[in-house]
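A short worksheet on the structure shown next.
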Amino acid sequence: MLTYLEARDKIRSVAKQLPTEHVPLAQSLNRILAHPIFADRDYPPFNRAAMDGIAIRIDDWNNGIREFRIRNTIFAGMETSTVLANGECYKIMTGAACPREADTIIRKEDLIYTPNETALILGKSISHGHHLAQRGEDLKQNELAVTAPRVCDISVIGTLAALGIHQVPVYKMPRVGIVTTGNEVVDIDQQPEHFQIRNSNQYLLCALCEQWQLPVQFCQHVSDEPLALSAVLRQAMEQQLILINGGVSAGDADYVPRILQELGVEILFHKVSIKPGKPLLMGLLPQGRILFALPGNPLSCFMTFKLFVEEYLHKCLGFTNERFQQVKLQTPRSKKSSLDEFFPVFRQAEAHRYTWKPHHGSGDITATVGCEGIGWHIHNKQVITENDTIPVLSLHPFFNLI
Ligand code: AMP
Ligand code: MG
């Protein structure tokens with residue numbers, strides 16, 4: 001049986017970089033930017049008035065001029081070709097392009113406009129370049145603006161829009177096939193008998209895929225019946241990333257590993273020495289298709305997706321950052337097993353501190369509500385003492401815990 005780190009290494013070793021495609025900016029939220037973006041021009045592209053007021057030449061001020069004749073008014077979006085003579089200014093509005101020779105803005109609050117088209121400066125001191133955003137101060141033409149890979153979150157989308165990137169180069173996410181299994185599992189819109197369980201994992205897995213913008217092209221439940229299972233798995237295998245849930249452990253009705261072998265799947269590993277999630281299986285198919293069979297227990301399903309499927313995606317998308325953050329755990333934790341254990345962690349009101357609470361085993365998905373990440377109790381450490389630092393994986397695939 002592989003250890004957690006061995007399984008992680010295996011996953012990384014088979015992950016291949018995904019192809020790329022262009023999508024309209026409006027459809028790029030949460031997609032992964034595949035290429036770095038460079039500035040097509042200076043930002044701001046012109047010296048921009050940051051206040052309403054007048055634009056003067058600082059030399060005139062230094063020569064003692066305090067009352068300026070208004071040459072003309074410049075509004076945002078206007079081009080001006082006039083040139084200032086001594087003692088002249090432009091009346092200028094926020095956002096307007098300030099002609100090059102005017103180098104300082106005086107806010108209207110610090111002026112009096114006189115009836116004879118002049119502006120009288122009230123302040124005693126002004127500084128050169130004040131209230132004027134300099135051309136290129138945010139970004140110079142051809143400068144690196146956004147690095148890749150990077151999730152297209154709202155700040156990236158705002159920036160790409162400013163840079164005129166209307167078609168965004170993103171990674172093409174693999175098409176997903178999901179198969180849930182189990183005779184006891186019924187769809188959530190049915191009233192289950194007292195011996196039945198709702199198919200919560202189907203919704204959990206679809207939501208996890210949506211968070212990664214993975215297109216789910218096939219999603220079906222099948223009973224623990226070898227022929228039916230074989231037929232449905234065969235269909236799911238037409239997709240590029242296949243997620244099977246349940247039927248992968250050692251029970252008499254756990255047919256998944258055997259059927260995968262019959263269908264020609266190369267089993268990369270089956271069973272990892274972790275808790276929860278031990279029955280996990282990973283397999284390879286022709287044309288680079290990848291298969292994960294996740295255990296049916298909802299907490300195990302959730303954690304194995306976060307720990308392993310996301311590890312695979314992370315590598316395919318070219319991310320190189322360490323996914324776990326080191327955080328302080330306020331509540332001690334001890335374990336009896338020699339396995340790597342994973343458990344939901346919760347943020348304390350006090351910053352930089354996390355805690356955990358006992359749950360009722362790997363079936364207890366309700367224990368994850370409100371949690372911010374998955375704590376890792378390393379296999380050879382029996383006790384985590386109060387305020388020990390432990391690795392935590394953020395629940396949000398792209399956010400780091402602080
Ligand atoms: P299995 O991995 O098939 O042995 O299932 C382990 C446990 O997870 C059993 O208690 C199942 O009832 C439960 N389970 C399996 N599949 C699902 C599912 N799709 N949704 C919720 N619970 C499930
Ligand atoms: Mg089952």
| field | Criterion (touching a Ser or Thr at 6+ places or on another chain (Cβ under 6 Å) and either crowded, with 17+ Cβ neighbours inside 10 Å or modelled with pLDDT of 95 or more (or both)) met by exactly one of PRO99, PRO44, PRO115 | value | PRO99
| note | Per the list (1) more than 16 Å from ligand 2 (Cβ to nearest atom); (2) basic (Lys, Arg); (3) touching a residue at least 40 places away in the same chain (Cβ under 8 Å), residue check on ARG234 breaks on (3)
| remark: When LYS315 is run through (1) of a type in the set (D, E, K, R); (2) under 18 Å from the mean Cα position of the chain (by Cα); (3) under 17 Å from ASN201 (Cβ atoms), the failure sits at (3)
| So which residues in segment 349-374 are touching a residue at least 60 places away in the same chain (Cβ under 8 Å) and of a type in the set (Val, Ile, Thr), if there are any at all? | ILE365, THR368, ILE374
| From the options ARG12, ARG69, residue that is open to solvent by 20 Å² or more (accessible area, probe 1.4 Å) and assigned by TED's automatic domain parsing to the domain that holds LYS278 | ARG12
| task | Could you name every one of the strands (runs of 3 or more DSSP E) located completely within segment 313-402 that has at least 1 residues being open to solvent by 40 Å² or more (accessible area, probe 1.4 Å) and outside the structural domain of ILE242 (by TED's automatic domain parsing)? | result | 324-329, 340-347, 353-355, 388-394
| note | Residue pairs within 7 Å by beta carbon, gap of at least six or interchain, first lying in segment 122-136 and of a type in the set (A, V, I, L, M), second part of a strand (DSSP E or B) and surrounded by fewer than 15 Cβ atoms within 10 Å (Cβ to Cβ), listed first then second, are LEU122/ILE112
| request: Give segment 259-274 a look and list any residue that's in contact (Cβ under 8 Å) with a residue 12 or more places away in the chain and either surrounded by fewer than 22 Cβ atoms within 10 Å (Cβ to Cβ) or within 12 Å of ligand 1 (Cβ to nearest atom) (or both), or say none. | output: ILE259, GLU262, LEU263, GLY264, GLU266, ILE267, LEU268, PHE269, HIS270, LYS271, SER273
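Among the residues of segment 278-308 satisfying the criterion of being closer than 13 Å to GLN240 by Cα and assigned to a helix (DSSP H, G or I), which is most open to solvent (accessible area, probe 1.4 Å)?
Filtering segment 278-308 for residues that are closer than 13 Å to GLN240 by Cα and assigned to a helix (DSSP H, G or I), the one most open to solvent (accessible area, probe 1.4 Å) comes out as GLN287.
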| said: I need the full set of residues from segment 171-202 which are within 16 Å of ligand 2 (Cβ to nearest atom) and not in a loop (DSSP other than H, G, I, E, B), in order please. | reply: ILE178, VAL179, THR180, THR181, VAL185, VAL186, ILE197, ARG198, SER200, ASN201, GLN202
| If you go through segment 171-190 one residue at a time, do you hit one that is surrounded by fewer than 14 Cβ atoms within 10 Å (Cβ to Cβ), more than 16 Å from ligand 1 (Cβ to nearest atom) and either aromatic (Phe, Trp, Tyr) or in contact (Cβ under 8 Å) with a residue 40 or more places away in the chain (or both)? | no
| over 30 Å from SER337 (Cβ atoms), within 16 Å of ligand 2 (Cβ to nearest atom) and outside any strand (DSSP E or B), is that true of LEU205? | no
| task | Enumerate the pairs (first residue in segment 195-206 and farther than 18 Å from ALA293 by Cβ; second residue anywhere and more than 12 Å from ligand 2 (Cβ to nearest atom) and open to solvent by 50 Å² or more (accessible area, probe 1.4 Å)) with beta-carbon separation below 6 Å, excluding pairs fewer than 6 apart on the same chain, so at least 6 apart or on different chains. | result | ARG198/ILE188
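The values are calculated or read from the model by the stated rules, or taken from the named source; none is laboratory data. Because the structure is a prediction, the values reported are computed rather than measured. We place every Cβ from the backbone using ideal geometry, glycine too, and count neighbours over all the protein chains shown. In case anyone asks, the SASA skips ligands and DNA or RNA and just uses the protein heavy atoms, side chains included. Shrake-Rupley method; radii C 1.70, N 1.55, O 1.52, S 1.80 Å.
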